[in-house]
Structure formats: structure tokens, C-alpha cells
Amino acid sequence: MQKALITNDAVVFGILISIIYFTFYTSSLPSKFWQRFYLFLPSILICYFVPGVLNSLHIISGEESKLYDVASKYLLPACLVYFTINIDFEALRKLGPKAMVVFLAGSVGVVVGGPISLWIVKQISPETVAGEMWRGLATIAGSWIGGSANQTALKEVFNPSAEIFSQAIAIDVITAELWLALLLFGVANAPKLDKWIGAETTAVDEIREKIEREYMNNQRNASFNDLLLILFVGFGTTALAYVCADAIVPFIENNFPNLKKFSLTSTSFWVISLVTLFGILLSKTRLREIEKVGASKFGSLFLFILIATIGMKMDILAVLEKPQLLLVGVIWMFFHGIFTFLAAYVTKAPYFFTAVGSQANVGGAASASVVAAAFHPSLASVGVLLAILGYALGTYLGYLTGLMMQWVAA
């Protein structure tokens with residue numbers, strides 16, 4: 001294996017942070033060039049692929065670096081805590097049953113579509129999904145129900161090779177971006193779609209007004225103690241999850257060794273599951289107020305560091321080896337779309353709930369808020385609310401989907 005030009009992790013980390021900063025700085029510029037550039041190549045994609053290019057050119061080495069190990073062990077669990085602690089069940093309830101039904105139908109579409117799409121492609125081209133390919137594809141379920149943090153969590157659980165995971169990431173991103181483009185096209189025609197299904201849209205207006213009032217009343221600048229509390233909650237919860245996992249895993253290994261095939265002897269599985277559960281429980285306490293001083297911003301920062309370290313393990317050439325895998329993604333997304341739109345049609349839900357609910361699944365908070373803001377800027381947080389629920393469900397439902405895909409692949 002060719003030795004990388006840069007092997008010092010301190011230097012590599014500085015490069016990754018520079019890539020993340022440059023990406024977000026340029027994406028915020030009003031320049032038409034950059035706006036068009038990021039329309040076709042989203043920030044999250046750049047933060048993944050640029051480190052991958054550097055790895056492929058042997059400038060840095062994802063195999064030799066320890067940065068991913070640190071990020072996945074410490075930053076990923078804290079990231080999940082920050083995203084799930086902000087769940088506001090009362091606000092979700094006020095969105096009405098239609099929004100929840102459409103969102104959950106989209107999640108079910110991902111769970112059902114995963115194993116079915118794998119089975120269909122297996123009949124058409126067995127070599128495309130042969131071997132351990134299901135491990136990489138299973139991580140897409142986490143991404144399409146929750147987000148990148150859930151996908152990274154399932155990567156730790158199912159442990160696909162770097163090559164397989166790179167291919168899965170490519171399928172995930174390409175298919176999801178095509179789907180986002182279709183949804184945004186629908187935004188421009190939302191009144192016609194709402195009229196066609198006879199949707200009631202007054203609830204959307206009421207939600208917009210409520211969110212505008214709450215946002216103005218709750219935000220405040222963070223003090224030093226606030227920042228320490230955010231770190232305490234994230235990493236303290238992570239520590240507790242590791243304490244519990246270190247007790248659970250040996251117990252299962254000694255008493256129920258057959259459960260290994262369900263990844264229940266994986267420390268990562270228990271840590272990820274427990275921090276998600278702890279985050280949901282903490283959302284019912286006063287600690288959820290750390291979001292008012294920017295907890296989710298810490299989560300987003302940790303997430304993009306994770307994405308960059310994952311990208312650093314990617315070999316660009318490996319991604320191009322199996323373009324036929326795109327068929328799995330297209331069929332899979334078809335099932336998600338059918339379930340989502342069918343639920344919307346049956347419940348007479350406005351297209352706003354359809355588009356935002358779908359992106360809360362497939363794209364996470366970032367793109368769900370983009371789609372919501374396309375209707376009205378003040379509605380962006382509605383997308384975030386649904387996406388946060390996706391973060392809470394993503395790892396668990398993604399794990400279930402992965403088990404079914406393993407059964408299909410066998």
C-alpha cells in the first residue's frame with residue numbers, strides 16, 4: 001500500500017476542519033456561482049467526497065489515521081444526544097395526526113423497501129448484491145429514516161468494509177438528491193396538488209405563526225456555564241452509555257452467545273441505542289433547554305467532523321466499480337415515495353406535510369428544513385421537528401431493516 005504524504009493526525013484534522021469551514025463559508029455567500037454550485041453539490045456531499053479524493057490520491061490515509069476511531073467513539077454518541085434531546089412531543093402532537101401519519105408511512109416505506117429492493121436486484125443481477133453488500137446497504141436505512149448520524153451508528157453496528165460503505169454512500173447521496181429535486185419541483189405546484197387531493201391547509205398557517213412567536217421568545221446567547229452544561233450532557237450521557245454497554249455485552253456473550261448474529265454483542269450497538277434512549281428521556285426534563293443555547297449546533301459540528309473522517313476512508317475508484325447498485329436505491333426510494341404519497345392521499349394531508357415528512361426521513365434536519373422553508377422561512381423548524389423524531393427512530397428501525405436485508409441476502 002502506498003504511503004500517504006501526510007501522516008500526522010494533528011495536520012490531517014486541521015485539513016478536515018479547513019474543508020468543513022471552507023464549504024460552509026462559501027455556501028453562505030450570496031454569489032450566484034456558489035449558490036448554483038451547492039444546489040447541485042450539497043455541503044454534506046463536499047465534506048464527504050473531498051477527504052475521499054485526498055485519500056484516493058494518497059495525500060492522507062483513512063486507514064492509518066485514528067481520527068475516525070475517536071470521532072465514532074466520542075463524537076457520534078454525543079451528537080445523537082444533542083439531536084434527540086430536543087424532541088418536543090407537545091409540538092409534534094400539535095402538528096396534527098396527518099403530519100405524523102405521513103412521516104411514519106415514509107419510515108415504513110424505507111423499512112419495507114430495503115429488503116424488497118435487495119431481493120429484486122438479487123434476482124436480476126446476483127453479483128451486484130453478493131457477499132457482504134447488504135451490510136453497506138443496511139446503513140442507508142439509518143440515513144433515510146433518520147440522518148447521517150444514524151447511518152454512522154449502523155456502520156458501527158453492521159461493520160461494512162470501507163469499499164462497500166463507500167458504494168453505499170454513493171447510492172444514498174445520488175438517490176436522495178434526485179428525490180429532493182422532485183420534492184422541490186412539487187413545492188412550486190403545491191396549490192395544484194393540494195386542490196387535487198382536497199387537502200386542508202389552515203393548520204400549516206397556524207403552525208407557522210406559533211413557531212415564529214416561540215422562536216422570538218426562547219433564543220438567548222450562551223454563557224460559559226451553558227457551554228459546559230452542553231458538553232456535560234453530551235459526554236456524560238456517552239460515558240453512562242459505555243458503562244452500561246461494558247456490563248451488558250459480557251453478560252450476553254457469556255449467557256446468550258447465539259445473539260451475536262443480531263449484533264447484540266456489539267458495544268457500539270448498545271452505546272448507540274442507549275444514548276438515543278437517554279436523549280429521548282432527557283427531552284422530558286429541564287435539560288432539554290440546552291437547545292436554547294445551541295446544543296444542536298454542537299451536534300451538527302460533531303456530525304460534519306464524523307462525515308469528513310468517514311469520507312477520509314473512501315476510495316473514489318471503489319465507488320465507480322458498481323454503478324448498477326443505483327438500481328437498488330431507485331427501487332428502494334420508489335417504495336418510500338409510494339408509502340408517503342399514499343398516506344397523504346388517504347389522510348388528505350397538504351403537500352407541505354408530504355414533502356417535509358419525506359425529507360425528514362430521507363434527508364434529515366438539513367434538507368427537511370430546506371423543503372419546509374421553501375414554503376415559508378418560518379416553517380423551517382417544522383422540518384427539524386420531524387427530522388428529530390427521525391433521529392430517534394432511525395437507528396432502531398434501520399437496525400430492523402438491516403436484519404431483514406441480511407436474511408434476504410443469505
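Does region 397-410 hold any residues that are closer than 18 Å to residue 159 by Cβ and either under 11 Å from the mean Cα position of the chain (by Cα) or assigned to a helix (DSSP H, G or I) (or both), and which are they? Result: 398, 399, 400, 401, 402, 403, 404, 405, 406, 407, 409.
For region 291-314, the set of residues classified as in contact with a Gly (Cβ under 9 Å, 6 or more places away or on another chain) and not polar (S, T, N, Q) consists of 295, 298, 299, 302, 303, 310, 311, 312, 313, 314, listed by residue number.
So that you can scan it fast, the table gives a plain yes or no per residue for (1) within 19 Å of the chain's Cα centre (by Cα); (2) modelled with pLDDT of 90 or more; (3) closer than 22 Å to residue 393 by Cα:
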position	(1), (2), (3)
245	no, yes, yes
264	no, no, yes
267	no, no, yes
272	yes, no, yes
300	yes, no, yes
313	yes, no, no
329	yes, yes, yes
348	no, no, no
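Do you know which of the residues in region 334-346 that are of a type in the set (A, V, I, L, M, F, W, C) and within 21 Å of residue 99 (Cβ to Cβ) is farthest from the chain's Cα centre (by Cα)? If we take residues in region 334-346 being of a type in the set (A, V, I, L, M, F, W, C) and within 21 Å of residue 99 (Cβ to Cβ), then 346 is farthest from the chain's Cα centre (by Cα).
Residue count for region 28-56 satisfying the condition of being over 20 Å from the mean Cα position of the chain (by Cα) and in a helix (DSSP H, G or I): 10. Those helices (runs of 4 or more DSSP H) of region 83-184 in which at least 2 residues are buried (at least 24 other Cβ atoms within 10 Å of the Cβ) and at pLDDT 85 or above, considering only elements entirely within it, cover 97-124, 133-145, 148-158. Please go through region 246-279 and pick out each residue that is touching a residue at least 40 places away in the same chain (Cβ under 8 Å) and either surrounded by 18 or more Cβ atoms within 10 Å (Cβ to Cβ) or farther than 18 Å from residue 153 by Cβ (or both). 263, 266, 268, 269, 271, 272, 273, 275, 276, 278, 279 - these are the residues of region 246-279 that are touching a residue at least 40 places away in the same chain (Cβ under 8 Å) and either surrounded by 18 or more Cβ atoms within 10 Å (Cβ to Cβ) or farther than 18 Å from residue 153 by Cβ (or both).
For region 195-232, name all the residues that are at pLDDT 80 or above and under 25 Å from residue 81 (Cβ atoms). Result: 221, 222, 223, 224, 225, 226, 227, 228, 229, 230, 231, 232. Of the residues making up region 10-23, those that are under 26 Å from the mean Cα position of the chain (by Cα) and without any contact (Cβ under 8 Å) to a residue 60 or more places away in the chain number 7. Given the structure, is residue 65 of a type in the set (S, T, N, Q), buried (at least 20 other Cβ atoms within 10 Å of the Cβ), over 22 Å from residue 284 (Cα atoms) and more than 19 Å from the chain's Cα centre (by Cα)? In short, yes.
Taking the criterion of being among the charged types (D, E, K, R) and either touching a residue at least 60 places away in the same chain (Cβ under 8 Å) or farther than 22 Å from residue 149 by Cα (or both), the residues of region 47-67 that qualify are 63, 64. Being under 21 Å from residue 301 (Cα atoms) and either surrounded by 13 or more Cβ atoms within 10 Å (Cβ to Cβ) or touching a residue at least 60 places away in the same chain (Cβ under 8 Å) (or both) is the filter here; which residues of region 25-46 pass it? The answer is 26, 27, 38, 41, 42, 43, 44, 45, 46.
Note on region 57-68: residues that are part of a helix (DSSP H, G or I) and either among the hydrophobic types (A, V, I, L, M, F, W, C) or over 16 Å from residue 161 (Cβ atoms) (or both) total 1. For the residues 31, 27, 65, the requirement of being small (Gly, Ala, Ser) and more than 22 Å from residue 152 (Cβ to Cβ) singles out 31.
Of the residues examined, residue 28 is not one that is of a type in the set (S, T, N, Q) and under 19 Å from residue 170 (Cβ atoms). Of the candidates 50, 11, the single residue that is surrounded by fewer than 22 Cβ atoms within 10 Å (Cβ to Cβ), under 28 Å from residue 179 (Cβ atoms), at pLDDT 90 or above and of a type in the set (A, V, I, L, M, F, W, C) is 50.
The values are calculated or read from the model by the stated rules, or taken from the named source; none is laboratory data. Just so it is clear, the structure is predicted and the values come from calculations on it, not from any experiment. A quick note on method: Cβ atoms are made from the backbone with ideal geometry, for glycine too, and the neighbour counts reach across all protein chains shown.
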